[in-house]
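The values are calculated or read from the model by the stated rules, or taken from the named source; none is laboratory data. Owing to the predicted nature of the structure, the values given are computational and were not obtained by experimental measurement. Here the Cβ positions follow ideal geometry from the backbone for every residue, glycine too, while neighbour counts run over all protein chains shown.
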Amino acid sequence: MCDIELCNIQVVPKERGKGYGTEMVQKLEEIAKRKGQRCIYVFTGRDSRAKEFYKKNGFQEIPILKKYFQYNTMLVKKIIY
């Protein structure tokens, strides 16, 4: 059983706040569950709007080794079952 890494998700600025990003994450969760995956991981910016987006969608921050990643990078994870 492997986990899923979400590499890139973007919504054009004029369409943000309409639920499209959440809808994409929910669809990915459905696919992951069907394939027997346990978790979804995402590397994202610590100071970006993305941090709040992932928190709102049930992701939790995971400590990472700072010397291997940029200072403003964070890893978030969501357990899907």
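General observations
- Residue satisfying all of: in the range 46-72; part of a helix (DSSP H, G or I) and at pLDDT 90 or above; surrounded by the most Cβ atoms within 10 Å (Cβ to Cβ) among these: Tyr54
- Residues of the range 1-45 that are assigned to a loop (DSSP other than H, G, I, E, B) and surrounded by 13 or more Cβ atoms within 10 Å (Cβ to Cβ): Asp3, Ile9, Val11, Arg16, Gln37, Arg38.
- The range 11-29 - residue that is within 11 Å of the chain's Cα centre (by Cα) and of a type in the set (A, V, I, L, M) and, of those, farthest from Phe53 (Cα to Cα): Leu28
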